[in-house]
1. For the range 153-210, give me each residue that is part of a strand (DSSP E or B) and either more than 30 Å from residue 21 (Cβ to Cβ) or open to solvent by 70 Å² or more (accessible area, probe 1.4 Å) (or both).
2. Just to check your reading of the model, which residue among 145, 127 is under 21 Å from residue 244 (Cα atoms) and of a type in the set (Ser, Thr, Tyr)?
3. Looking only at the range 64-74, count every residue that is surrounded by 14 or more Cβ atoms within 10 Å (Cβ to Cβ) and out of contact with any His (no Cβ under 8 Å at 6 or more places or on another chain) and tell me the total.
4. Which members of the range 135-152 meet the condition of being part of a strand (DSSP E or B) and of a type in the set (Asp, Glu)?
5. What strands (runs of 3 or more DSSP E) completely inside the range 63-134 contain at least 1 residues that are more than 16 Å from ligand 2 (Cβ to nearest atom) and more than 28 Å from residue 249 (Cβ to Cβ)?
6. List every residue pair whose Cβ atoms lie under 7 Å apart, where the two residues are 6 or more positions apart in sequence or sit on different chains, the first residue falls within the range 214-233 and is at pLDDT 95 or above, and the second residue, located anywhere, is among the aromatic types (Phe, Trp, Tyr) and assigned to a helix (DSSP H, G or I).
7. Among the small types (Gly, Ala, Ser) and surrounded by 14 or more Cβ atoms within 10 Å (Cβ to Cβ): which single residue out of 86, 111, 82 fits that description?
Amino acid sequence: KSISLKVSASNTVASDAEQISKLRASQSPIAISLQRCPTWSSLDPLVFKGYWDNNSNGILVNTGQTAYFTFDTPSRPRLSGGPLIGEYIFEQMHFHWSVDDFTGCEHVLDGHGYAAECHLVHYNSKYQSLEAAVPHADGLAVVGYLLEAVDAPNPNFDMFIEGLEQIKKPDHSVALSAESLAWMNREDVTNGSYVTYKGSLTTPPYGECVTWIIYEKAVQIGSEQLGLLRQLEGADSVPIERNVRPTQRHPPGHSVIYVK
Ligand code: BO1
Ligand code: ZN
């Protein structure tokens with residue numbers, strides 16, 4: 001790795017995760033040039049617990065702004081490792097999209113736009129809730145998947161897409177099993193590289209509380225399947241056209257780490 005920032009009081013080199021936790025935060029999303037990022041290869045692996053082996057059910061809701069999935073059971077999936085210190089508890093998953101196949105993502109890697117972006121939102125287990133975590137720099141960890149439009153449907157999305165058909169109208173909801181999240185567990189994506197940086201929520205209150213983890217390799221989704229996301233209606237009973245925040249400027253001294 002090409003940066004080492006910090007020697008702690010005990011004179012031992014701070015862990016990779018400690019170094020990342022001290023980086024300056026930016027507003028999110030951002031456009032990232034991979035070749036300009038310091039590359040780290042020694043980070044601990046990211047650990048997802050209780051996602052796909054979770055036999056409980058969840059609920060998918062049209063909030064009028066996005067499609068939003070939560071588990072309705074007390075046992076929630078957890079995320080640790082990688083740039084994170086401690087454990088983060090899954091709160092919700094949601095999507096950002098647009099009317100075309102290239103402006104629906106929030107983060108932009110090497111100038112490449114995608115059709116949609118999915119966020120897995122977690123809060124630090126040292127706080128009592130997501131709301132309690134938002135005021136803290138180490139409050140949230142959000143994993144982002146970029147979704148690339150392709151002609152052929154991705155069968156791993158079928159269960160999830162069937163859910164979308166039931167929630168066209170705002171405030172409608174449908175029960176979904178954990179199996180409908182299987183599309184995320186694509187080894188070619190999650191065994192590959194990601195970028196990580198300290199940033200913010202991309203919707204109000206825009207708090208700088210997020211350790212972002214964005215996989216480099218996009219997940220493919222069929223155009224027809226994307227069409228169902230684009231059919232979701234907002235409060236005005238017309239389809240939600242675009243729920244993407246524009247990319248924000250990097251503040252001086254901001255760094256994004258490329259984990260290969
Ligand atoms: S995102 O992943 O950066 N797009 C993102 C943006 C906003 C929130 C979460 C993730 N906001 C939080 C609010 C909470 C609210 C919660 C609903 O969404 O800060 O007050 O309860 O899950
Ligand atoms: Zn989001």
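1. Of all residues in the range 153-210, those part of a strand (DSSP E or B) come to 173-177, 194-199, 210.
Within the range 153-210, 173, 174, 175, 176, 177 meet the criteria.
2. Details: 127 fails: under 21 Å from residue 244 (Cα atoms).
Of 145, 127, the one residue that is under 21 Å from residue 244 (Cα atoms) and of a type in the set (Ser, Thr, Tyr) is 145.
3. Going through the range 64-74 one residue at a time, the tally reaches 4.
4. Within the range 135-152, just 148 meets the criteria.
5. Values: elements: 67-71, 78-81, 88-97, 116-124.
In the range 63-134, 67-71, 78-81, 88-97 are the strands (runs of 3 or more DSSP E) which contain 1 or more residues that are more than 16 Å from ligand 2 (Cβ to nearest atom) and more than 28 Å from residue 249 (Cβ to Cβ).
6. 219/183; 221/157; 225/157
7. Selected residue: 82, the only one of 86, 111, 82 that is among the small types (Gly, Ala, Ser) and surrounded by 14 or more Cβ atoms within 10 Å (Cβ to Cβ).
The values are calculated or read from the model by the stated rules, or taken from the named source; none is laboratory data. Not measured: the values here are computed from a predicted model. In this analysis, Cβ positions are derived from the backbone assuming ideal geometry, glycine residues included, and neighbour counts consider all displayed protein chains. These accessible areas exclude ligands, DNA and RNA; they are computed on the full protein's heavy atoms, side chains included. Shrake-Rupley method; radii C 1.70, N 1.55, O 1.52, S 1.80 Å.
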